[in-house]
Every structure is written in structure tokens, then in C-alpha cells.
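*Asks:* Let me begin by handing over the structure; questions about it come next.
The values are calculated or read from the model by the stated rules, or taken from the named source; none is laboratory data. Note that the coordinates shown come from a computational prediction; the quantities given were computed from them, not determined experimentally. Methodologically, a virtual Cβ is constructed for each residue, glycine included, from the backbone with ideal geometry; neighbour enumeration extends over all protein chains shown.
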């Protein structure tokens with residue numbers, strides 16, 4: 001900066017040839033010839049840190065006249081001071097700008113919410129429950145645990161879909177009897193007075209309703225089948241027969257009467273289990289009405305014993321079941337189911353029937 005000032009000063013001397021009357025006149029003439037940028041570099045503007053008020057710095061003071069046309073030591077010292085102050089002001093502004101940027105960055109960092117990666121946010125998989133391979137009902141339990149109990153509204157909706165499916169199946173049966181063979185899908189749709197796409201939708205919806213109704217009530221089948229264990233059939237066969245009764249009950253259920261499906265299906269499941277026992281558990285088959293009367297007598301005796309605390313006589317049993325004494329005697333004389341002498345018995349199932357049966 002000093003060299004630039006000297007160069008300008010010397011050029012003024014050689015080109016303009018301005019006579020210098022005094023040191024003050026010389027400095028004023030030189031100052032007037034400086035460019036605006038050079039004046040700003042020399043003087044500078046300063047703003048305070050808190051109020052931002054402008055402070056004005058005084059210009060050069062006139063110095064004594066020098067024989068040589070170069071700046072004196074005092075002038076150089078004054079210019080050096082002014083330049084240092086200008087640099088200080090500029091550096092202070094730069095520091096303030098950096099401080100403002102730093103505060104803005106800190107504020108932005110404070111408002112920034114860290115989001116975990118997708119892999120860290122994934123839910124942990126719950127290990128699947130191990131299936132007991134020794135459980136004879138593991139397949140039925142798997143179907144029942146995956147389905148929840150139905151509400152009354154859902155039972156009405158599913159029942160409507162099942163009834164629609166039954167109507168369509170009846171139309172197909174009528175067409176099969178009329179034509180002597182299975183009708184085409186187009187003939188079936190024409191007989192149902194719908195297009196083929198609508199017929200397919202109704203069939204699929206009815207099948208889904210029937211499947212959901214059955215799967216949601218398999219628990220009821222298992223609970224009923226357990227009451228007939230040891231009657232001549234294993235539990236798996238009893239549950240299978242109970243499911244047939246459940247399907248029959250789902251097809252016969254009418255939700256408009258206001259009954260729950262479980263109440264209605266209970267009778268059909270029990271009838272199916274008992275009928276299978278009468279047909280398959282005995283070597284000599286008994287009529288189903290006799291088997292049903294046998295169960296009624298057993299239930300009446302059990303209920304009377306719990307109420308009176310003693311074993312009831314035949315008259316009390318006949319009144320409770322609604323049977324005549326002659327019919328009750330015939331029921332009591334029905335042959336009992338054969339039992340194996342090697343059958344385990346007792347609380348710990350460590351005894352055989354042959355070990356506790358006296359020789360004839």
C-alpha cells in the first residue's frame with residue numbers, strides 16, 4: 001500500500017507539476033487526487049459489536065513541509081496506523097459473520113432429528129411356536145389358532161354367503177338331472193340369470209365364507225369330541241366326524257332366527273359324533289335311536305346324582321329322560337362296548353383290566 005501511495009504521489013509530481021505551498025496544501029491536493037477506493041482503504045468504516053453505530057475516523061493531520069517530495073516518517077506511521085485499523089475492522093466483520101454462521105449451524109443441528117436406518121427399525125420376528133409332533137390334533141389346532149371367534153355380525157354375513165352358494169349348487173344339480181350330465185359354466189350362469197363373471201364371484205365368495213365359518217369353530221368340535229374319548233374310536237376320528245357335522249350345521253344355519261352359530265352347530269356336531277360311534281365302534285351295530293337313548297340315560301343319571309347326591313332309581317331316570325319303563329329296560333339291556341383286558345386303567349394308568357378282574 002505504501003509503494004502504491006508513493007507511486008501516485010510521484011506521478012502527480014511529474015505530470016501535474018502542482019506547486020506545494022505548505023505541508024497542509026500538499027496533503028490536501030494529494031488526498032483530492034486519490035480514488036474513492038483508496039480513500040476507503042485508508043479511512044475504513046467501523047461498526048460496534050452490540051449497537052452497530054458508525055464511528056468516523058479522522059483524516060490525516062497535516063505534517064511539516066519536507067524538502068523531498070516523498071512522505072515523511074510521521075505520515076507513514078499515520079497511514080500504517082489507519083491501515084491496521086481498517087484491517088482490524090474488516091477482520092472483526094469476518095469474525096462476526098463466521099460466528100453467525102456457526103450459531104445458525106448449531107441451531108440447525110439442534111432441530112435435526114436423527115432417523116435410524118430401515119434395517120434397525122425392522123421389527124424382530126417372533127419365533128414360531130414349535131409344533132408338538134406327538135399331539136394327534138396338531139393339524140386341527142393349527143387351523144383353529146389361526147382363526148379368531150366370529151362376532152354376530154360376521155356370522156350373519158358369512159351365513160348369507162353360504163346360503164347363496166347352496167342356491168347355486170342346487171341350480172347345478174337341477175341342470176344335471178335335466179340334461180343327464182354336468183352342465184357347462186355358461187349354462188349354469190344362464191340358469192342363475194347372471195353372467196359368468198358374476199357367477200364366478202358368487203361361487204368364490206360363498207366358498208370363502210364357508211371355509212371361514214368352519215375354521216373359526218374347530219375348537220368347538222375338539223371340545224365335544226373329547227367327551228366321547230374311550231367309547232370305541234380314537235380322538236382323531238371323532239374330530240373328523242365332528243367336522244362333518246359342523247359343515248352340515250353351517251349349511252343349515254339360518255342367522256335370521258337370532259341364534260348364535262355355536263349353539264346351533266353344537267347339536268349337529270354331537271349328532272355326527274354319536275352316529276359315527278354307533279356305526280363304527282361296535283362289532284354288532286346298534287340302531288342310532290338306541291345309541292341316542294343310551295346317551296340320554298347316562299346324562300340323566302349323571303345330572304340326578306349331582307343334584308341329589310345319590311344314585312337315582314329307574315323311575316327317576318325314566319321321568320328325566322321321558323322314556324317309558326319298557327323302553328328304559330330295553331336301553332339298559334343293550335350290549336356294552338367290548339373292552340380289552342390289556343387296557344390301562346387307574347390314576348397313573350399303570351394297571352391292566354386283567355389284573356383287577358376276578359376269574360369266572
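*Asks:* Is there a residue being part of a helix (DSSP H, G or I), buried (at least 16 other Cβ atoms within 10 Å of the Cβ), at negative phi and modelled with pLDDT of 85 or more anywhere in the stretch 310-318?
*Replies:* Within the stretch 310-318 (the criterion being part of a helix (DSSP H, G or I), buried (at least 16 other Cβ atoms within 10 Å of the Cβ), at negative phi and modelled with pLDDT of 85 or more), the answer is yes, since at least one residue qualifies.
*Asks:* May I ask you to list pairs of residues, at least six apart or on different chains, whose Cβ atoms are under 8 Å apart, with the first in the stretch 327-344 being more than 24 Å from residue 289 (Cβ to Cβ) and the second being part of a loop (DSSP other than H, G, I, E, B) and at pLDDT below 80?
*Replies:* From the stretch 327-344, the pairs are 341/357; 344/350.
*Asks:* Sticking with this one: Take residue 295 and decide whether it is assigned to a helix (DSSP H, G or I) and within 27 Å of residue 268 (Cβ to Cβ).
*Replies:* So residue 295 fits the description; yes.
*Asks:* Of the residues 210, 275, 260, only one is in contact (Cβ under 8 Å) with a residue 60 or more places away in the chain and surrounded by 13 or more Cβ atoms within 10 Å (Cβ to Cβ); which?
*Replies:* Answer to the selection: 260.
*Asks:* If I ask for residues that are at pLDDT below 80 and out of contact with any helix residue (DSSP H, G or I) (no Cβ under 9 Å at 6 or more places or on another chain), which ones from the stretch 338-353 would you list?
*Replies:* Answer for the stretch 338-353, where residues must be at pLDDT below 80 and out of contact with any helix residue (DSSP H, G or I) (no Cβ under 9 Å at 6 or more places or on another chain): 338, 347, 348, 349, 350, 353.
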